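Structure first, then comments.
What follows is calculated from the coordinates using simple rules that are stated; it is not laboratory data. Only a predicted model underlies this, so the values are computations on that prediction, with no experimental measurement involved. Don't worry about glycine lacking a Cβ; one is built from the backbone with ideal geometry, like all the others, and counts go over all protein chains shown.
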Amino acid sequence: NQKSPVLPSKEDSVIEEKEREESGLEQQDETCSLEGPSRGDQTNTNKAGAGRGEEAMGECATSPVDLDDMSETSPVGILSKDRVTVLGEVAPVWVPDAEAQVCMKCGIKFTFTKRRHHCRACGKVFCALCSSLKFKLTHLDGKEGRVCISCHSALIKSERNFILGIAVVVFLKSCRNHSCILSSGMSPKGKRRVWFADEILTNKHSESAPTTPVREPAFSPLMSREACGPYGWGTTALVSSSANLIPLDGLPPILTSTGVKGDYTVEEQPSEMLLIQELESGRPKPLVFVLNANLLAMVKLVNYVNRKCWCVTTKGMHAVGQVELVVLLQCLPEEKSFPKDIFRHFIQLYRDTFTGKVVKHLSLSLFGSSFFGSQDHAGFLYVRSTLQSLQGLPLPNQPYLFGLLVHRAEVAWAKAFPLRLMLRLGAEYRFYPCPLYSVRFRKPLFGDIGHTIMRLLVDFRNYRYSLPVVSGLTVDLEAHRTCIKIPNTGYNELMKAVNKSNEHVLAIGACFNDTADSHLICVQADDGQYQTQAISIHNQPRKVTGSCFIIFSSALKASAGYLAKSSVVEDGLMVQITVETMAELRRSLREMKDHTVTCGRLDQSESQELVCVQWVEEKCTVNKGIISPIDGKSMESISSTKMFQKSEYKENGKIIRWTEVFFLQTGDNPKGAVTDSAEHNRLTERIARAFCLALCPHLKLLKEDGMAKLGLRVTFDSQEAGFVAGSNGQPLPAQYLNALNSVLIPVIHSRGRKRDGEPIVMELIFYILENIT
């Protein structure tokens, strides 16, 4: 019984071809004469097959050498006018994707999972296996670029022949005065080398394989190293032009490794049962689902605070100006299916971003229909993590927010006063200040609005007005002293609240006080009444308690015998003062001065309390964990503005978008400040437009080389004006900087030369995306 021959796999074929080529090179070293061609009869020892990109070994030259003309003739093995001499020296013309339906090496057809890759040396289109090597190319300023197997072999041979030719020249000239007769020199045969496609089977690099690790091609959501996440998921090609790859029945496509280092493929219609088993068996890395060509969902089962939870995170929201999102969902008993509704919600939030609707801290996103199998699940309240543990969670890059599931009966509070709902969740699950996980099919924490002081401050019917909140404002409740801290940067917001308030009542919403060790909360009893409670950090004494709002009322009569009266109402503080005290308070706020209100009876000075209004420097609360793609500079505490509904620039199936601008310096402020100057905004848009247009022809190459998050830092000054651009913490290669110079310098100098103009340093952020519909 004869066994049928086993066909070699494609990886084996690639390895065998590489071995044959190296074997041929060694045989050439042994048999080739050291005599070079004469000047009149030069013979190329290597010929490039222009049709297939393959090289054939030529016969060795045996004609005598003219030593006098050696300096003018090419050394043995060097091709003076052949393809190999210019290979890698000049940027090739790329074969368009539309004209390459199959790999130009092995002939395999390109599909949804078999993607195209361009060789940086010849410009042809190959599959991942046939173009998995890298070589330092002259036209890339000596940097490594992806090349096909044939070009890699040709470049290796060219490099070796160049070295051999130099050796021949030196040897012949040294023998010139001794009338040496050159004979066939036999080079010692070295140990046979085996090249592996992924270099996994060897502990050290072979001479023919790249000497540096191949940089993994990054997936479209964020091509930078920052965006590739901790595990380096990546793919370079457009998986589909659809903006939603989630099927009506089943799971979205899943990203899996092909086994070749740095290369991934997409599996359509994956088996849900097998994936569940893989997660439950303790898979260390998350599963990666492709929601569209620019958005991934990472899924993992985690044990968080002794609860088995789904951890679902996005990767790709940053590229459209959105924060990344995390949903921790407690598993149901014996749950054997993925929470697919989260995928659809992520797609909806991705679409909303293009209309300028973004998710922020304490913002609510509602579901359009039944969610997780229940109409009671109304939406997600997105919160920022503060004092909670994040241990064991596979988190995206900053900034990101956690989604908390909201019951339909709680929607009114989530809209009108989300801080109350957030802290109430913390009290329910004994998690300070709130849990980061969600529980399905739970009972609501609030019922009918009923009798609450908030009815006087919020329009619960149409939401035409609500309690104004000043960013960064906190309230500290201590024994015999209350301190209301207002950041200097919140002056404009406070003035809006003061100007819109009733002359007898000034009510302001506070933010969560992360410096306090406890916080007031409001609990609605079964009878609908609201009660005041407090939650605190576990095992810590209560010294400073935070409050959710502050109300000043001028209803106190002078004849009542009180200087002022303070009392806790629900989860806030009410201070009753006289009309005269209210006038003084408003004056102090307008003039940005501190003010103190003394509370207590006129005749009992020993039991009096103080309510102090203080202006303070703002703490670092913005852009925490954000770094510049140009040089890794920290962007913490630097103000920025998101850019939406700006023009998109498209070419070769790619889009470049301007998503954000950081103000590193404005005038004398070293940390910058957002400016609304019309002239400044027009100038910024001109710079962004020039940057996009200059790089449009290079979008595909930039993205495939892992540079999809780009930064442009511009300096305007009477003494100095210029720019620097970079990605992945490094400056852009020279070819891109040259393209930018011609268009950016005139725009920058048109403003920078103004003597009366204040100095400005700003950094613009851009992302390259796939063009999806």
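Given H placed on each backbone N at 1.01 Å, which residues far from R440 in sequence or on other chains put an amide H within less than 5 Å of it?
So R440 has HN proximity to Q330.
Please work out the FRET efficiency for the pair E648 and Q719, using the Cβ-Cβ distance as r and a Förster radius of 45 Å; give the result to the nearest 0.05. Could the numbers behind the result be given before it?
On the way: r = 36 Å, r/R0 = 0.79.
Plugging the Cβ-Cβ distance into 1/(1 + (r/R0)^6) gives 0.80.
What are the extents of the Cα atoms of region 254-438 along their three principal axes, in Å, largest first?
52, 39, 31
Which whole-angstrom value gives the distance between the alpha carbon centres of region 535-567 and region 416-488?
So the two Cα centres are separated by 16 Å.
Please report V93, V305 as a ranked list, fewest other C-beta atoms within 10 angstrom at the top and most at the bottom.
Working: V93 8, V305 15.
Ranked by crowding around the Cβ, least crowded first: V93, V305.
Give, in nm to one decimal, the length gained when the segment between S389 and T596 is fully stretched (0.36 nm per residue of separation minus the Cα-Cα distance). Please list the in-between numbers first.
Details: separation 207, 0.36 × 207 = 74.52 nm, distance 3.77 nm.
This chain segment gains 70.8 nm when fully extended.
Stretched out fully, how many nm does the piece from Q531 to R481 gain, at 0.36 nm a residue minus the Cα gap? Before the final figure, lay out the partial values.
Working: separation 50, 0.36 × 50 = 18.00 nm, distance 2.26 nm.
Taking 0.36 nm per residue and subtracting the Cα distance, the gain is 15.7 nm.
Enumerate the amide H contacts of V622 below 5 Å, restricted to partners 5 or more residues apart or on another chain; note that Pro and chain-start residues carry no placed amide H.
It is S637, by chain and number.
In what sequence, highest mean first, do 121-130, 137-146 appear when ranked by Cβ atoms within 10 angstrom? Please report the intermediate quantities before stating the final value.
Values: 121-130: 23.7, 137-146: 17.0.
Ranking, from highest mean packing down: 121-130, 137-146.
How do the peptides 477-484, 462-469 rank, highest first, by the average count of neighbouring beta carbon atoms within 10 Å per residue? Show your work: numbers first, answer last.
Details: 477-484: 15.6, 462-469: 13.5.
Order by mean packing, descending: 477-484, 462-469.
Quote the FRET efficiency, to the nearest 0.05, computed for S559 versus N502 with a Förster distance R0 of 30 Å and r equal to the Cβ-Cβ distance.
Details: r = 23 Å, r/R0 = 0.76.
The computed FRET efficiency comes out at 0.85.
Given just the C-alpha atoms of region 465-616, how large is their convex hull per residue in cubic angstrom?
132
So what J values fall out for region 602-610 if you push phi through Karplus, 6.51 cos²θ - 1.76 cosθ + 1.60 with θ = phi - 60°, rounded to Hz, Gly and Pro as x?
4, 9, 10, 5, 6, 9, 7, 10, 10
Quick query: amide H of I521 versus all other amide H atoms, modeled in the peptide plane; which residues come in under 5 Å with a sequence gap of 5 or more or a different chain?
Excluding prolines and chain starts, which carry no amide H, the hits are Q533, A534, I535.
With θ taken as phi - 60° and the coefficients 6.51, -1.76 and 1.60, list the Karplus ³J(HN,Hα) couplings across region 534-551 in order, rounded to whole Hz; mark glycine and proline as x.
These are the phi-based 3J(HN,Hα) values: 9, 10, 9, 5, 4, 6, 10, x, 8, 10, 10, 10, x, 10, 8, 7, 9, 10 Hz.
Hey, rough spin-label estimate for Q614 and N488, points 7 angstrom out along Cα→Cβ, what's it come to in nanometres?
1.5
Can you compute 3J(HN,Hα) from phi for each residue in region 578-590, using the Karplus curve 6.51 cos²θ - 1.76 cosθ + 1.60 with θ = phi - 60°, rounded to whole Hz and x for Gly and Pro?
Along region 578-590, the couplings run 7, 4, 5, 5, 4, 5, 5, 4, 5, 5, 5, 5, 5 Hz.
Multiply the residue gap between Q398 and S369 by 0.36 nm, knock off their C-alpha separation, and tell me the result in nm, one decimal place. Show your work: numbers first, answer last.
Details: separation 29, 0.36 × 29 = 10.44 nm, distance 3.02 nm.
Here the answer is 7.4 nm.
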